[in-house]
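Please treat every number below as a calculation from the coordinates, not as lab data. Here the structure is a predicted model, which means the values were calculated and not measured. Because the Cβ atoms are built from the backbone with ideal geometry, glycine has one as well, and the counts that use them run over all protein chains shown.
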Amino acid sequence: MADAQPPPVLVAQGIGHISRNFLREVGGVFWFIVNTFEEMFERIQQGRVPFRATSFFRHSQRAGVDSVPLVGLVSFFLGLTMTLLTGYQLQRFGTERLIPGLVAIGFTRELGPLLTGIMVAARIGAAFTAELGTMQVSEEVEAIESMGIGPLRFLVAPRMLALILLMPCLSTASNIAAILASSLICKAYFSIAFPYFLDLVKDSLLIRDIITGIFKSFLFGLLIAAIACYRGLTVKGGAAGVGISTTSSVVTAITAVIGFDTLYNVIYTTFYPT
Amino acid sequence: MTTPKHMVELRDVCMQFEENKVLDGFSLNVEPQERLVIMGQSGSGKSTILRLILGTLRPNAGSIFFKRFEITGLQRRKLQAVRQHMGMVYQYSALLSSRNVRENVALPLEELTDKSRDEIDKIVDEKLELVGMKDSKDLLPEELSGGMRKRVALARALVLEPELMLLDEPSAGLDPVIASVIDELIISLSDTAKVTSITVTHEMDSAFRIGTRMAMLYQGKIIEEAEPEKFKQSKNPVVAQFLSGSTEGPILEGSLDAITKK
């Protein structure tokens, strides 16, 4: 074909197209967060609550309390596995007493928030997107807007705030479950009694690790809620569109959580290497 | 730019969705307490006009005024305040599916006013009674028929006592009796509560019953505007074909030539 473009041009076009879409989405989510907080503060300035407490507690119950069994169970099993696998390796060098610290630091600083983020993105992010997406395609969101009610503060703000505030709690539940599982394995396989296990955990765990984990959890909560709600409110194409957006929301949120975690670790270890 | 004298004014509005030009230099004035009915083919942009007035869509060009406010230039906060003076009834009702009838109707009052629970209940009961839905206030939208949903949507649009009602196919899908009840309600609102209304509809009976002025939208412009009796006798071939429902005429040809010939 005479007018066919050479492959390098097509590749460059493809990269340009993907980059443009990526930047557009990042910008979209960023302004979505800004506008949500702006609507909330405008409402507060008017001397009114931005959303009803019942709405916030309903989402907190669903996103937080109802997620505890899943997060707890997965973290418990992972704590068991991690202790067993690392324990046998460390036993060869006679350093089993490092296990409690390893699990405690590993979960508090890294795995707890990360695992919780992934599970919440899959469980709650999908639900938020599907719910708001359905409201969007059935004109409910537009109806709310047409009444003069800000849809961001009415629909998004309670979900976002619930997830931001509940994520650290869920991460803590995840940490406790994993450390508990680790203590059981330590007792059963490596003869580390529970009081000694606790002493080792306390010796190795720094406040800095706990603060890092909690800070990450807040960040992941904001990211997951923002991506899920943004995808929900930008659904196009009826029921099929809701399905596509829900899948995309989960994939994007999980990728964003892992990406931000990596970025955070890189920055953190650069400035605080020890 | 001159200050508008009308309740609603659209000046040279252009609206395009990707390649599809829906409104092309569209202009329209609506006077206070008037009941304007806009007719036109499916997909001709009738609902778009209502959304533009509400400010949920922004035009590509032109200006839209509601009283002294230019909708197209308003900041979000001001726009939200202006919308509280309008009531919109959507074609498919757009009730919040997770809330029952009472909660749907009470929503604007709960969110936008400082009224007590008792006051809200009283207003909700009053509005639901007006549309004959008082006995269904604990039902969820999925438990209602299409007609019932539309009546609840009308009650919800009325709770804030709007000055302007925007109605998208208010009687479509309703049985003739309920359709007449809704029409009578719209008429009584303008007579008693001085509400101005803009109705978009295909239903001829309903349109001529409600309207104090009729307008025909065709190819992005108003091609005929008249009082109901004059409108019925319009010589415009598009209007004549639309009113008669004939397959012969310029509408299916999709050309403006036939209109301008006359």
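Once you charge only the Cβ atoms, +1 for Lys and Arg and -1 for Asp and Glu, what is the size of the charge dipole of the range A:123-244 about its Cα centre, to the nearest 20 debye?
Values: 9 positive and 8 negative charges, 63 e Å.
Taking the Cα centre of the range A:123-244 as origin, the dipole is about 300 debye.
Using a ≥ b ≥ c from the Cα gyration tensor of the range B:35-194 (square roots of the eigenvalues), is it rounded, prolate or oblate, where a/c under 1.5 gives rounded and otherwise the larger of a/b and b/c decides, a/b for prolate? Oblate is the answer for the range B:35-194, as a/c is 1.5 or above yet b/c matches or exceeds a/b. D by Stokes-Einstein for the protein assembly as shown, Kirkwood Rh over Cα pairs, 25 °C, 0.890 mPa s: 91 µm²/s.
Annotation: lysines with alpha-carbon distance below 16 angstrom to B:LYS115 (same-chain offsets under eight excluded): B:LYS127.
Answer rounded, prolate or oblate for the range B:112-204, using the Cα gyration tensor with square roots of eigenvalues a ≥ b ≥ c: rounded when a/c is under 1.5, else prolate when a/b is larger than b/c, else oblate. Write out the running numbers ahead of the final one.
Numbers: a/c = 2.01, a/b = 1.21, b/c = 1.65.
The shape class here is oblate.
Sorted from fewest to most neighbouring beta carbons within 10 Å, what does the list B:CYS14, A:CYS169, A:CYS186 look like?
Values: B:CYS14 15, A:CYS169 19, A:CYS186 24.
Ranking B:CYS14, A:CYS169, A:CYS186 by Cβ neighbours within 10 Å, fewest first, gives B:CYS14, A:CYS169, A:CYS186.
Relative to the longest principal axis of the Cα atoms of chain A, the long axis of helix A:238-271 makes an angle of roughly 50 degrees.
Count the DSSP beta bridges whose two residues both fall in the protein assembly as shown, then state the antiparallel fraction as a percent rounded to the nearest 5. Present the calculation step by step, with values, prior to reporting the outcome.
Working: 19 of 37 bridges.
Antiparallel: roughly 50 percent of the beta bridges in the protein assembly as shown.
When only the Cβ of Lys, Arg, Asp and Glu is charged (+1, +1, -1, -1), the dipole of the range A:20-271 relative to its Cα centre reaches about 260 debye.
Based only on Cα atoms, what mean projected area does the convex hull of the range A:20-271 have, in nm²? Don't skip to the end; give the middle numbers.
Working: hull surface 64.2 nm².
Averaging across all directions leaves 16.1 nm² for the Cα convex hull.
Based on the Cβ-Cβ distance of B:SER98 and A:ASN265, what FRET efficiency does E = 1/(1 + (r/R0)^6) give at R0 = 41 Å, to the nearest 0.05? Using R0 = 41 Å, I get an efficiency of 0.55.
Which of the pairs B:LYS46/B:LYS232; B:LYS5/B:LYS221; B:LYS21/B:LYS232 have their Cα atoms more than 26 Å apart in this structure? It would help to have the intermediate numbers written out before the result.
Numbers: B:LYS46/B:LYS232 19 Å; B:LYS5/B:LYS221 21 Å; B:LYS21/B:LYS232 28 Å.
Checking Cα-Cα distances, B:LYS21/B:LYS232 exceed 26 Å.
Over chain B, what is the percentage of antiparallel beta bridges among all DSSP beta bridges, to the nearest 5?
Working: 19 of 37 bridges.
Taking every DSSP beta bridge within chain B, about 50 percent pair in antiparallel fashion.
Between the amide H of B:VAL22 and those of B:MET15, B:GLN16, B:PHE17, distances stay under 5 Å, these residues lying 5 or more places away or on another chain, with hydrogens modeled in the peptide plane. Across chain B, the longest run free of exposed loop sites, meaning GluC sites (Glu not before Pro) lying outside DSSP classes H, G, I, E and B with no more than 15 other Cβ atoms within 10 Å, spans B:20-247.
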